[in-house]
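Written out below as structure tokens is the structure these notes cover.
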Amino acid sequence: MLLLSRLHSPNTRFILPFVITTLMILSYPLLTPFITTYAQLWIKLPFILLGTVVILNYKLPQAQSGSIAIVMLIAYSVIIYWLQTSLANTDTKLIFCLLATLLPLNLLLLRFIYLPKLFSVATTILLLGLSLQYGITATICYFYQVAFSNWQQTHLFTYHNISSLPLILIIFNLAISCGAGALTVKYHRRIDRHIFICSLLATTTFIFFHYPFISSTTFIICALFLLTDLGYCRYQQNLCDPLTQLADHRALSLSLSQLQQDYTIVVIDIDNQAKIIAKHHPQAINDIQRSIAAQLALQSQHSEHLYFVSQQFIMIFEDRKIVECQSIIERLQQDIGAEKYIIEPIIIEPLPDQTETKAKKGRKKTIKVTVSAGISTSHVDQSALTVVQQAIDVLQAAQQAKKKKNNQIYVSETNNTSS
């Protein structure tokens with residue numbers, strides 16, 4: 001798993017799929033005899049592997065990866081059942097061009113759809129949308145086959161010595177792949193990694209569609225990438241705090257070792273904890289922390305950078321200016337301040353000699369709380385651990401001040417002097 005963690009550095013996330021795809025294309029003539037020998041198994045493997053991705057993704061916090069696998073499964077089914085005749089056939093060429101247009105767009109669209117779980121209303125709407133596209137494609141193929149034949153000769157220039165895919169669609173697919181790759185490098189999000197991998201390998205499929213079994217090969221590699229990444233995500237899930245179910249100090253240490261330059265670390269803590277404990281009971285803080293953790297985890301843009309360490313919430317923002325981070329934290333403070341948190345009552349167990357007395361349980365109470373945050377930004381001569389400590393120190397210093405204010409954001413002096 002340490003090797004898997006190394007593969008998640010920003011540069012590696014972008015370069016490794018390119019390297020593997022390039023090596024596959026260069027060595028494909030050597031692989032063809034082997035693939036031909038096991039042709040039937042090779043054709044079925046993408047269905048098996050992508051189906052496994054959907055199943056494994058079922059219990060993960062976000063289900064976008066499962067939805068990506070569903071989209072890829074549908075695309076592969078179209079290739080296997082509709083595109084096995086020559087592209088010289090106008091009907092086949094029309095389906096091929098429509099698939100090369102719609103698949104990258106659908107993959108990119110999934111980045112902006114929040115799916116809390118795989119089996120949800122959003123997933124149903126997604127499947128209905130894909131079914132609608134399928135129906136529209138069939139209608140276009142039925143009614144506009146002749147019109148497309150005339151239109152492609154004028155507008156869809158194809159350089160057959162390179163690819164059967166029209167030049168404009170080659171440029172379109174490469175642009176989508178490069179854009180997804182840029183998002184992968186900039187944002188440490190699982191959904192971006194998966195979209196980049198799938199769009200890159202889909203582009204490879206379309207460009208080199210004249211290679212035998214190329215779609216099966218690229219979709220197998222795509223599924224293996226997804227399975228590897230899901231395996232790493234499940235490994236990370238084991239590094240969770242039992243109270244909040246957020247990533248714990250072990251996961252934070254792992255992430256800090258992988259950080260590049262230009263990142264900001266935010267430490268968030270509940271205000272007036274001593275007063276809350278005095279008014280209610282020590283368990284009240286745990287109840288509030290558990291509720292805040294669930295609230296923060298629902299925000300998918302922060303979930304992969306959120307940790308609970310030493311009774312504090314820690315967030316990491318990569319490639320964001322400190323002003324942007326402050327505005328994000330201010331919105332989180334408003335959301336937390338507007339929420340009413342439930343404090344579970346303490347159950348009073350009877351003494352051993354009180355056999356007939358039942359355990360007493362009080363009533364649930366609600367409370368509003370505020371949180372304050374400490375912020376520190378990375379510098380060239382600092383380690384990530386130092387940046388975390390600066391954020392903790394500035395927050396603790398403010399909390400220990402005589403005239404302490406609630407619901408505040410405190411920026412480390414190092415950042416103030418440098419800005």
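The values are calculated or read from the model by the stated rules, or taken from the named source; none is laboratory data. This is a predicted model, so every value here is computed, not measured. Please note: Cβ atoms are built from the backbone with ideal geometry, for glycine as well, and neighbour counts cover all protein chains shown.
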Self-check item: Complete set of residues in the range 182-210 that are touching a Ser or Thr at 6+ places or on another chain (Cβ under 8 Å), of a type in the set (V, I, T) and within 30 Å of A88 (Cα to Cα)
Solution: T203, T204, T205, I207
Exercise. Take the residues in the range 340-381 that are modelled with pLDDT under 60 and among the basic types (K, R), then tell me which one is nearest to the chain's Cα centre (by Cα).
Key: K361
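Residues of the range 248-263 being surrounded by 18 or more Cβ atoms within 10 Å (Cβ to Cβ) and of a type outside the set (D, E, K, R), which ones?
A251, L252, S255, L256, L259, Y263 - these are the residues of the range 248-263 that are surrounded by 18 or more Cβ atoms within 10 Å (Cβ to Cβ) and of a type outside the set (D, E, K, R).
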Exercise. Being of a type in the set (A, V, I, L, M) and modelled with pLDDT under 90 is the filter; apply it to the range 262-280 and report the residue that is farthest from D335 (Cα to Cα).
Key: A278
Quiz item: Exactly one of (1) surrounded by 17 or more Cβ atoms within 10 Å (Cβ to Cβ); (2) modelled with pLDDT under 85 is unmet by A88. Its number?
Solution: (1)
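Considering only the range 203-281, give the helices (runs of 4 or more DSSP H) lying wholly within it that have at least 1 residues that are assigned by TED's automatic domain parsing to the domain that holds Q40, within 30 Å of A100 (Cα to Cα) and touching a Cys at 6+ places or on another chain (Cβ under 8 Å). First the steps, then the outcome.
Details: elements: 214-237, 249-258, 273-279.
Filter on the range 203-281 gives 214-237.
Just for the range 371-414: of the residues that are assigned to a helix (DSSP H, G or I) and touching a helix residue (DSSP H, G or I) at 6+ places or on another chain (Cβ under 8 Å), which one is nearest to K275 (Cα to Cα)?
The extreme case among them is V394.
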Exercise. Could you tell me which residue of the range 198-221 is surrounded by the most Cβ atoms within 10 Å (Cβ to Cβ), considering only residues that are among the hydrophobic types (A, V, I, L, M, F, W, C) and over 25 Å from S86 (Cβ atoms)?
Key: C198
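Taking into account only those residues within the range 155-181 that are assigned to a helix (DSSP H, G or I) and without any contact (Cβ under 8 Å) to a residue 24 or more places away in the chain, which is nearest to T90 (Cα to Cα)? It would help to see each step written out before you state the result.
Narrowing the range 155-181 to residues assigned to a helix (DSSP H, G or I): 155, 167-181.
So of that shortlist, the ones also without any contact (Cβ under 8 Å) to a residue 24 or more places away in the chain come out as 155, 167-168, 171, 175, 178.
Numbers: H155: 15, L167: 17, I168: 18, I171: 22, A175: 26, C178: 30 Å.
Only one residue tops the list, namely H155.
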